[in-house]
Each structure stands twice: as C-alpha cells, then as structure tokens.
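Have a look at the structure below, then the notes.
The values are calculated or read from the model by the stated rules, or taken from the named source; none is laboratory data. Since the model is a prediction, treat every value here as computed from it, not as a measurement. Heads up, the Cβs are rebuilt from the backbone with ideal geometry, glycines too, and the neighbour counts pull from every protein chain shown. Just so you know, the surface numbers come from the protein's heavy atoms only, side chains and all, with ligands and any DNA or RNA stripped out. Shrake-Rupley method; radii C 1.70, N 1.55, O 1.52, S 1.80 Å.
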Amino acid sequence: MNYQEGSQARIEILNKTYIRYNVQIKKGQYLAFGYGYSMKNVDMVIFQSSTIPQVLDLYSNDEAIPQIDSQQDYISNFTTNSTHVNFVATRLLETTDSNDKVIKLGEALPMVWAYSILNSNLIKHEGKGSFEIYVSNAGINYQRETTFIEWDNLLMVRVHGWFLWFTWSLLSYIQMAVNRYLKIFWKVNMWIHRIVGTLILILTIIMSIVGFRNHKHIFEDLSGHHVIGIIIFFSVNLLVASGIIARSRQIRLKWKTSKILIFKNIHKIYGKLMYLLGQVGVLTGILHYNNRIKPETILWLPNADTFLLSGIFVEIMYQVYRNRESPFKKSQMKITIQDFEARVRSGQKLVLLDDLVLDISKFMESHPGGKFSLEANIGRDVSKFFYGGYSMENYSQFTPLHSHSNIARYIVNGLIIAQLDTQVIPEVANMRFSSSSYVKTLTQTIVLEREDGKEVGFHKFFKDIQMIGKYYLVRKRFRRQFVNRHYTVANCMEPKAYEVYLEILKGNKSVYFENQELFQQKVGGSFSITSKNYKTKSGVSRRLHEFQTDIFQVQGPLGKGLQIQSSGLHIAFTAGTGILAFVDLVAHLIRKNFNLLTPEEDSQINIEEFRFILYASFKNEEDSIAYEMCQGLQNYCRKNGLKNFQFNVRFSDANLNKWDYGFIEYVLGVNQDIDLQRLWVCGPPKMNEDFHKALENLVQNNFIESSQYEIL
Ligand code: HEM
C-alpha cells in the first residue's frame, strides 16, 4: 500500500508460520496496523520512525490509547537513510500471547491501518482505512477495502443489534404468544397485538436504517446478514399490511368466513416465517459482530431458541387447557324467552347457547371466526354452530365447521348475562341405548336409558306448545374431542304415538283415550329421540345405534323452541328430516281440531285465527317423513273448511322448481293479508344457507323483520 510519496508497506506470509511486514515511512511519522474492523479492542502493531525507530506489539482497549503488550512478539530491524526509515518485522502467525490475534491460514483477515505524518506518537492520526486480506497457504491475497468502524458508529452498531434483538427475539415472541395463548383476554388482546406490531414495524425500519447508514459499502460488502436484513426491512411492511387486511376482512366480510380464515392464516403463516427470518437475522448479526469486534457479544444466549424451549412447556400447558372442558357458569339472572326476544328487538345484541343468554355486542369484532358469524345470529340460538355440528356456510371447499375449544367456553362464561327461565328445567345425564324403532326407515326413534338405571329425569311428552321445537344435545367424547349432535323433540314420531295420530285422523278418537300414557307430561321410565336412520347417517346417530354400550351425555330440553303464537301466520320451509322440528305442532293441531285437548292445553291456540303452512320437500313419497300424518290433517282441514293447517309437499324426484328467493316472496305475497308471526327454515345446511340469504334480502327490502324468521 502507498499512502504518501515514498512511503510504503508490504505484508507477506513466510513458511506458513510467520507474518512479515516491510514498511518504509518518512522520519518522525508512524504507521500502525490492527487486526480487525476498528482500532478498538484489537491486536496492533506500530512502526514509529522517531529519533530511535521502533516496532511495538500493542493491544487497544475500548476507549484508551493502545497498551504495549507485556510480551513483544515482533522481531524487527530497521535501516535509515537521510529521509526514511525501513522496517522489517516478523511475528509468528500464532503467538503465545493472549492479546495477539491468531492468524489462520485459509481465512479472511480484516485489518485496519492509521498513520500520522506530523507525529510519531499514537495520540492522533491523519489518515486511516481498513481492508481485508486472505491468508492462504500460497501467501496473501489482497481482497478488498472494507468499512472502517469508528467508535461512534460502533455504538450505533450496538444500538442496531440490541434493538433488533429486542424486536425480533423478544417482541415478536410476545406478539405470537399473546395471540396464541392469551385469546381469553380478548378485550385487550387485539390492542396488545396492534401496539406490539406497530413497535416491531417502527423499530425494524429505524434500526435497519441505522444499520444501512453504518455500512456505506453495503452492496460491495454484502454478507448473509445484510441480505436477510434487506429482506426483513421490506417484508415487515407487507406483514403489517397483511395483518390490517386480515383484520378488516374479519370484520367486514359477510357469507365468506372461509375467506376470512384464509386471510387470517396467510397473516399467521407469514408472521411465523418472519419470526424465523428475524431469528436468522439476529443470529447472523451476532455472528457478523463477533467476527469483527472483541469482546464478543453474548446476545445469542437469551435468544429466541431459549424462548422456544420455554415455549414448549407453555404449549403443552395450553394444549392441556384447550382440550379440557370447563363447565359453563350458571347465572342467577333468569329471563323468559319473551323477554329475550323483547331485548333483541330493542337492539341488544344477544344470542342463546344451550339455555344461556350471551351478550356478544363487544365480542363480535374480536371473534376469531369473524364478526359476521355472530352478527348474523343475533337473537338466535348459536349452539349447533358453537358445538361444531353445523356450519352456516356450506358452499366453500373450506367449510368452517368449528368445534369450539375450552378457550371459547371461557370466553362464553364472560359473556353470560342471564339464563333462560323455562317451564321444564334442562337436565344433564349420562345415558345409553335401550331400543329403537321406526315408522319408516328414513328415521329411527331411539330410546335411551340412564347409565345408573335411575329415573330418567327427562319428560317424554310436553303439554305446553312452547316446548315444541326444543332439542336435546347428545354428546360423546371421541379421543380428545366431543362430538355433538342436536336432536329436536318429536314425540309423535314414536311408532306407537304415530299410529294413534293416524287412527285419530281416520276418526277413531277412542284410540287416543286408550293410550293416554303416551300423552302425559311426566318424568318417564324412558326417553326417546328421533334421528336420521343410522344406516344413512354417520357420527353420533350411527354411534348411538351401533355402539350400544357407549355412554352418551344428554342435555335438554334446550333452545328457543318454535315460539308459536296463539294466532297469526306461521310458515315452515323444511326438507328431509327438517320436518321433525314441526311434527309435534302438526300433532297438536290434530288433537286441537279433533277436540282432544284439556281446557288448559286448548287455550294455547286460537283455532280461528291461527294458521300454519308447512312446506316440506322430500326425495319422493317413499323417502318422506310424517307424510301420512301431515297429508291426513290437510285433507281433514280441507274437508271441514278449517284454515289452521296447510301442507305443501314437494318431491324433488319430480323435478319441480327449487324454492328460491322469488318463491319465498310469492308465498309471503299470497298470504300478506294475514299477520306473519313466524317463518321457520329447517333443512339441510345448503338449503338453510340459501334461505338465510334470501330472507336477509327480504329484511333489507322491508318485507319482513329479522326477528320474524328463524333458521333452525
Ligand atoms: C358467542 C359464542 C362464540 C364464542 C365465544 C366463540 C369463540 C371462538 C373462539 C375463541 C375461537 C378460536 C378457536 C377456539 O378457541 O375454538 C373461535 C373460532 C371460530 N368460531 Fe367461534 N365463537 C362463538 C360462536 C361462533 C358461531 C355462532 C360460529 C358460526 C356460526 C362460530 C364460528 C367459528 C369459526 C368458523 C371459528 C374458526 C376460526 C379458525 O379456524 O381460526 N363461532 N370462536
């Protein structure tokens, strides 16, 4: 190297053992070399051409002037002429002094240099620089000039390192942990996520800029750390953008829950990848620093790998908690279903879960399954969705059927504001299969008995029409999770009772009185549910029939019931087993029209002003449910000029038009002179979804009110 006319230095390797300097400088000057990127904390050698020229082995501490090594390892001599001093100094590549840099063959060796042309003391310098050489078996290969790290920017390098460690080891870990493990604190969780996310963004941008500014030749001196740093700098912005998009989708999208979840998952996976990249960034940064600056930093010790280890413990605890099933809280506050409805009409955002009344107004926006799925259910029973039996949206490939975890149960406990005050208090019992029978093979009526052989505790028959449409929740734990199924009460589908109704319709009223035990509201010796035939259905229904020693948890009667009004129009659109929710109403109307009710039962419906129009769709007559009973009552009503029941059946095999928005509009139009009280839809999930969307449109066009219809 030449830094001044007539001055020069040459460095070479001798016998793979020594490093030799040939230095020529003017008298009264110095030239110093250090092994590193800065003059701080490095092994140095100085060539001083003062009155008595000398070569000194030095070591520089953080802030002080370099110290002379107690062990001098350079063997040197010099010659002088009138203007210059020529030094030759040799040192072992590896000395025994701990202050000396070990120079290894086959490695890049970063070096710094400084000189003074005014003075031979190491107090000041007029010029300095840094370069990297490659020390190989064959000698020295000059690599390139590098960035000289001053004390000032070394401080900034440390600030850069510490803050980015804080950001990508600590903050990003907190960000993921809060989101995953602290969902139960949903009120503050989203704010923590936003604040920590913003901090990560700001710190990454500022500290990356600090890093870039310290490295003027970053593109010529591009290391793995720099490449990762640049990628993180740009992709952290996209990560935040994907979070904002996911959040806004979660609140805004309707009928697109699968899209909400896709956006959320993209953000989640992206976040995790960025976390890993951040880790690589931090670790390569530490490596980069430790290769250049002594003493090395031990920042890697408390790094995310340590968090991850502790994280495994937290994760196990989380999984154990998540899969437990804590009981729901009971509420002292009891409200009737009418009170519930009135509150909803007055604008309160309430839903029912089992017999619990939940206020979801504040939770909706934080719901991980999207705001829409809760908003669309205000005033309704969310149980079958909550337990994962059904999905509201059924056209997507990624149909979100979600069986909620214990975390959701914990959240529910915080949302409960009251419990339904019902005439028949719901019971919970462990039960097993006793027998089964069927009217037609499409359905089966399963009789259950208590596991402990005690009195059942469930009612077999209800005199109160407000109990019609209530259901029982049947649950079975398979491996780690419960499988849940809701069965609507359909007492008249018990073959013996069904037989009696058909006899009544034939005019044979005496059969009713002969079988009075079937129509008494009392706690019975057995309890039955009607389900789709086990041969055509999987899950709980099949299990109920096939694994007859299995114990099932049964809870009920639950739900809103149909809330039949004493007068006015009631319309039901059903398909397949959906009709089961309404057969007990048809049975009640049979008893009503044939004057078989006690005065107390009789007062519940005003026969002149009550209307029930039942639309039922089946594949064909063979595959129908309760068809003879409904058709029988319809014929009876027609014959006797009674208007309280109308039965419209549609057989899909006959290729009749599908019920659509226009059809519902037409049905409502034809009956517009009658006060619409209730419109129910109970069919397979896709049909329910189509009707739900159509009815939402009708609400928007002011045809009906949201509280008038119910998707069962
Ligand atoms: C008030 C009652 C509800 C609460 C407290 C609740 C709470 C939660 C919670 C905490 C999760 C995160 C996963 C878990 O812990 O299970 C979740 C996910 C989900 N919820 Fe709900 N939920 C409720 C009602 C509903 C309803 C009525 C629906 C559908 C109509 C629904 C659909 C979903 C879906 C699809 C997911 C999956 C999200 C994912 O895969 O990340 N939830 N809910």
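Proximity of backbone amide H atoms, modeled 1.01 Å from N, is registered between ILE133 and LEU109, MET111, GLN143 at under 5 Å, excluding neighbours fewer than 5 places apart on the same chain. The simple Förster model, with R0 at 51 Å and r as the Cβ-Cβ distance, assigns SER70 and PHE234 a FRET efficiency of 0.50.
Counting only heavy atoms of the protein chains and using a 1.4 Å probe, GLU375 has close to 60 Å² of accessible surface.
In this label model, SER567 and THR297 are separated by 8.2 nm, measuring between points 7 Å along each Cα→Cβ vector.
For segment 568-711, the Kirkwood hydrodynamic radius from C-alpha pairs, put into Stokes-Einstein at 20 °C and a viscosity of 1.002 mPa s, yields a diffusion coefficient of 135 µm² per second. Rounded to the nearest 20 debye, the dipole size of the chain about its Cα centre is 540 debye, using +1 on the Cβ of Lys and Arg and -1 on the Cβ of Asp and Glu. Legend: helices of the chain (whole DSSP H runs) are marked when their alpha-carbon atoms reach 30 angstrom or more along the helix axis and their mean Kyte-Doolittle hydropathy is at least 1.0; marked are 186-214, 224-252.
Evaluating kT/(6 pi eta Rh) at 37 °C and 0.692 mPa s, with the Kirkwood radius of segment 581-637 over Cα pairs in the Stokes-Einstein relation, gives 263 µm² s⁻¹. The slack between GLN143 and ASN657, meaning 0.36 nm per residue of separation minus the straight C-alpha distance, is 176.9 nm. Residue order by solvent-accessible surface for LYS592, LYS496 is LYS496, LYS592, largest first, with ligands and nucleic acids left out and a 1.4 Å probe. Against the compact-protein benchmark of 2.2 N^0.38 Å, the Cα-based radius of gyration of the chain scales to 1.55. Sites listed here are GluC sites (Glu not before Pro) in segment 588-651 whose DSSP assignment is loop and whose Cβ has at most 10 other Cβ atoms within 10 Å: GLU608. Taking MET333, MET39 and ordering them by how much accessible surface each has at a 1.4 Å probe, largest first, produces MET333, MET39. The listed residues SER70, SER531, SER567, once ranked by accessible area (1.4 Å probe) with the largest placed first, stand as SER70, SER567, SER531. Of the trypsin sites (Lys or Arg not before Pro) found in segment 36-125, those in coil by DSSP whose Cβ has at most 13 other Cβ atoms within 10 Å are LYS104, LYS124. From largest to smallest, the equivalent ellipsoid semi-axes obtained for segment 177-274 from the alpha-carbon gyration tensor read 32, 15, 11 Å. Every pair of different Cα atoms in segment 106-188 enters the Kirkwood calculation, which places the hydrodynamic radius at 17.4 Å.
Here the gap between ASP464 and ASN702, fully extended at 0.36 nm per residue and compared with their Cα-Cα distance, gives a gain of 82.4 nm. For ASP100, no residue has an amide H sitting under 5 Å from its own, ignoring neighbours fewer than 5 places away on the same chain, with H placed 1.01 Å from N. Max-minus-min Cα coordinates of segment 72-214 on each principal axis give 83, 36, 26 Å, with the largest extent listed first.
Relative to its residue count, segment 151-323 spans a Cα convex hull of 120 Å³ per residue. Determine how large the accessible area of ILE337 is when every protein chain is in place; take a 1.4 Å probe and give Å² rounded to the nearest 10. My reading of the accessible area for ILE337 is about 30 Å².
Residue separation of LEU92 and ILE123 scaled by 0.36 nm, minus their Cα-Cα distance, works out to 8.4 nm of gained length.
Kirkwood radius, segment 334-420, all distinct C-alpha pairs, inverse of mean reciprocal distance: 13.3 Å. The trypsin sites (Lys or Arg not before Pro) of segment 151-251 meeting both criteria, a DSSP state outside H, G, I, E and B (loop) and at most 15 other C-beta atoms within 10 angstrom of the site's C-beta, are LYS216. For the chain, the solvent-accessible area with a 1.4 angstrom probe is 48 square angstrom per residue. Note on segment 1-151: semi-axes of the ellipsoid equivalent to its C-alpha gyration tensor, largest first and rounded to whole Å, are 21, 18, 16.
Per atom type, segment 330-424 shows carbon and sulfur on 52% of its accessible surface, probed at 1.4 Å.
Label-to-label distance, GLN481 versus GLU107, with points set 7 angstrom from Cα along the beta-carbon direction: 5.4 nm. Take LYS506: with every protein chain present and a 1.4 Å probe, its accessible area is about 150 Å².
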